Amino acid sequence: MTATDRARELLKIAALAADSKQAVDLVALDVSGPLPLTDIFLLATGRNERNVISIASEIEDKLIESGVKTIRREGRSEGRWVLLDFGDLVVHVFHEEDRMYYSLERLWKDCPVIPIDLPVTESAD
């Protein structure tokens, strides 16, 4: 089984939102095989608690603007690991230290990685 087109569309919206708030190390995993209730995990990292909260808020705002309801939200007050459940897509926004500690990529290493296409921005030199 592979992630649905709908889940991939939600992934694009969420990844662009995360990138706009300087999220780093974006990884999307197709978890549709082992998990019957969701298709994709998006993992993102923020540099500090404030950045984690900002990234999670932007993702949620952009998906709500697209007509997607948040089913569940956890961890926003701490800003260490925010989980946002949108049904087909579950977003995990981590503080750098927590991302390394929990290492979800290792836990879900048998799941295929979904490429994330983000627009290339030119840096001002």
Legend entry - Options D117, D88: the member that is of a type in the set (D, E, K, R), under 21 Å from Q22 (Cβ atoms) and touching a helix residue (DSSP H, G or I) at 6+ places or on another chain (Cβ under 9 Å): D117
Inset, instruction - Name every residue in the range 100-118 that is within 14 Å of the chain's Cα centre (by Cα), charged (D, E, K, R) and over 23 Å from D61 (Cα atoms), in order of residue number. - result: E105
Legend entry - Some residue of the range 55-71 being acidic (D, E) and over 14 Å from H92 (Cα atoms): yes
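No value in this document is a laboratory result; all are computed from the given coordinates. From a predicted model like this one, the values you see are computed outputs, not experimental measurements. With ideal geometry, Cβ positions are generated from the backbone for all residues, glycine too; neighbour counts draw on all protein chains shown.
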